[in-house]
Amino acid sequence: VSLAVRGGRSRVDSVIERVEALRRFLAAAQDHVPEPELAPARTVVDRAGQRLALSRDHTVVALAGTTGSGKSSLFNALSRRRLSKVGVRRPTTGIAHACVWGLESASTLLDWLGVPPNRRFLRDDPGAADDDPALRGLVLLDLPDLDSVERSHRLEVDRLLALVDLVVWVLDPQKYADRVVHEQYLAQFRGHRDITVVVLNQADLLTPVDAERCLADLRRLVDDDGLDGVPVLATSTVGAPGLARLQDLLERAVAARQAALRRLAGDVDAVVDDLAALVDRAPPADAVDRGAQRALADALAQAAGVPAVVAATRRAYVHRAGAAMGWPVLRWLRRLRPDPLRRLHLPSAGTRDNLPVPVSSLPGATPAQRASVGLAVRTVGERAGGGLPGPWPAATVSAARRRLDDLPDALDVAIARTDLGLGRTPFWWRIVGAVQWLCTLAAFAGLVWLAVRYALFALGLPELPGPRVGRLPLATLLLLGGLLAGLLLGALVRPLIGIGAGRARRRAQARLRASIGEVAGELVVEPVRTVLLAYGEARAALRSAR
Ligand SMILES: Nc1nc2c(ncn2[C@@H]2O[C@H](COP(=O)(O)OP(=O)(O)OP(=O)(O)O)[C@@H](O)[C@H]2O)c(=O)[nH]1
Ligand SMILES: [Mg+2]
């Protein structure tokens, strides 16, 4: 009978790395998966960290079993001392007792196990007649009865069974088939077969034939518990077959110093199996759906008033072109009308300064627009997490929605910072404007000249001779020609202004869309991507914890 690893997945040497991987899993998942789902893994990681930090040279073995099965008798027999009270009245042992063989007293380990100081015993008398050097490093615990009428006993048993490195289940001929013991205890250790031993104590009470039959029956029950392969032995503290085989088994476990790691490996196996469903699907290749992002940008653009800004940009272009190239006499009339962009309090060239919030005078989003933004935001989250298991879809949706309230101000600032492309006066505006001035000046010069001539005529003074072009006086030509040329130029540039305004509109539209896209990326897409990244990390970490 031995406690060798039987093929299982428990890669004992890598327990430390596997616990580390489980820790990474928890770090990646903790912000996105409800804590109750992670609690068992956290318990295992914490416990493993504590156990590994404590003595690795000691092997903590618990004697667990039903009341009166002889745990305390075994404890005393193995320690060759009468340390734990053996009683006739049941139950006897209420608080765990510990006996430490050699080495130091293992006090930090016993503190961690929660064995009170007055229940700790030390067997370090080398050279004594009853010394067992082969057991050096053994920390033997005598537990209370696991089927106790006392609730506190059962709690103490459960607490310690979660901490010890190896469990010897002590059963007796009367109660070895007890259903509670098998279902609630032995079967729970099916993941810990390599640190489990079952003994049928008080075998001296049976005839050898009955003892054989009883042991075979127990073997079958133990196999049914999922504990095939674990050692099942008969013992007696008062007669045959004695304790030799149990002692031998404990000696080998102590010498191997593997039980603590095997126990933790079994614990890690169990939680990794339970967690597998949380990360059992490959993360989406295209992290965040493009279509959903486009729909989001559309909804945000509507809610943030982009169409109004784009329209105002077009009108501002026409307005400013008119002011720059219109007939100079009427330009002041245009100046009286406000600039469409200024009316929205939007700078036309964009600005990097710290802007107040709210920046623009754009109207707030309507309830319908807000609703469609909410829907688009949710869709981004849903598409991203749709293919993921368990709590992750909820995590991507809530990540997408987390900064929903920050969106209006961020969009307002982004729009105000966008360079709408109207900052510079186009060169051709200046040329046309200058020509317009020339035409007007010519007309004005002609007008003055004619006025002087009219005054001379009215005063009866001789007519001023003036140059003529053909049959027309130059002054008349200047006046009429200047006026006509101005009107003509105005009519000529009108379609050009229309084309320019269209281009200004499209440019503003594209730039505003880009700004909106940045805001959506930062406040909606990035948080979702963070969740997907965490999913990927959690999945990879759990794979290394296998
Ligand atoms: N015949 C026989 N009697 C035993 C053996 N081991 C223990 N006993 C007796 O069984 C009774 C109970 O023994 P304990 O050692 O107190 O049993 P326990 O499992 O510690 O009981 P609790 O502390 O109440 O859980 C005592 O009367 C012991 O003398 C054994 O191997 N053979
Ligand atoms: Mg006892």
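The values are calculated or read from the model by the stated rules, or taken from the named source; none is laboratory data. From a predicted model like this one, the values you see are computed outputs, not experimental measurements. With ideal geometry, Cβ positions are generated from the backbone for all residues, glycine too; neighbour counts draw on all protein chains shown. For accessibility, only protein heavy atoms count, side chains too; no ligands or nucleic acids. Shrake-Rupley method; radii C 1.70, N 1.55, O 1.52, S 1.80 Å.
Before moving on, here are some points about what is shown:
- The set of residues from the range 382-404 being within 16 Å of A282 (Cβ to Cβ) and in a loop (DSSP other than H, G, I, E, B) comprises G386, G387, L388, P389, G390.
- Residue within the range 109-123 that is in contact with a helix residue (DSSP H, G or I) (Cβ under 7 Å, 6 or more places away or on another chain), under 22 Å from R252 (Cβ atoms) and at pLDDT below 90 present: yes
- Restricting V181, V168 to residues that are open to solvent by less than 10 Å² (accessible area, probe 1.4 Å) and at pLDDT 95 or above narrows the list to V168.
- Among residues of the range 91-105 that are within 16 Å of ligand 2 (Cβ to nearest atom) and at pLDDT below 90, those with a Cβ under 8 angstrom from a residue that is part of a strand (DSSP E or B) and open to solvent by less than 30 Å² (accessible area, probe 1.4 Å), sequence gap 6+ or separate chain, pair up as T93/D142.
- Residue within the range 260-280 that is under 30 Å from G68 (Cβ atoms), in contact (Cβ under 8 Å) with a residue 60 or more places away in the chain, surrounded by 18 or more Cβ atoms within 10 Å (Cβ to Cβ) and more than 38 Å from the chain's Cα centre (by Cα) present: no
- Whenever a residue of the range 366-382 is under 14 Å from P408 (Cβ atoms), its partners that are among the charged types (D, E, K, R), lying with C-beta atoms within less than 7 angstrom and at least six residues away or across chains, give the pairs V377/R401.
- Verdict on D274 being at pLDDT 95 or above, charged (D, E, K, R), assigned to a helix (DSSP H, G or I) and more than 14 Å from ligand 1 (Cβ to nearest atom): no
- Boolean, S107 is of a type in the set (S, T, Y), within 16 Å of ligand 1 (Cβ to nearest atom) and touching a strand residue (DSSP E or B) at 6+ places or on another chain (Cβ under 9 Å): no
- Checked against the criterion of being surrounded by 15 or more Cβ atoms within 10 Å (Cβ to Cβ), modelled with pLDDT of 85 or more and of a type outside the set (A, V, I, L, M, F, W, C), the candidates R331, R370 yield just one match: R370.
- Residue that is most open to solvent (accessible area, probe 1.4 Å), among those in the range 37-84 that are within 16 Å of ligand 2 (Cβ to nearest atom), touching a residue at least 24 places away in the same chain (Cβ under 8 Å) and over 14 Å from L141 (Cβ atoms): R81
- For the residues L488, L450, the requirement of being more than 30 Å from H319 (Cβ to Cβ) and without any contact (Cβ under 8 Å) to a residue 40 or more places away in the chain singles out L450.
- All conditions in (1) touching a strand residue (DSSP E or B) at 6+ places or on another chain (Cβ under 8 Å); (2) away from ligand 2 (no atom under 16 Å from the Cβ) hold for R252, with the sole exception of (1).
- Options D130, D125; residue that is under 25 Å from A256 (Cβ atoms), away from ligand 2 (no atom under 12 Å from the Cβ), in contact with a Lys or Arg (Cβ under 6 Å, 6 or more places away or on another chain) and open to solvent by 40 Å² or more (accessible area, probe 1.4 Å): D130
- Criterion (among the acidic types (D, E) and either more than 41 Å from the chain's Cα centre (by Cα) or open to solvent by 50 Å² or more (accessible area, probe 1.4 Å) (or both)) met by exactly one of E156, E212: E212
- All positions within the range 143-155 that are in contact (Cβ under 8 Å) with a residue 60 or more places away in the chain and within 12 Å of ligand 2 (Cβ to nearest atom): L143, D145, L146, S148, H153
Yes/no matrix, rows are residues, columns are (1) open to solvent by 60 Å² or more (accessible area, probe 1.4 Å); (2) in a helix (DSSP H, G or I):
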| position | (1), (2) |
| --- | --- |
| L422 | no, no |
| G446 | no, yes |
| W449 | yes, yes |
| A455 | no, yes |
| L464 | yes, no |
| L478 | no, yes |
| G482 | no, yes |
| R494 | yes, yes |
| I499 | yes, yes |
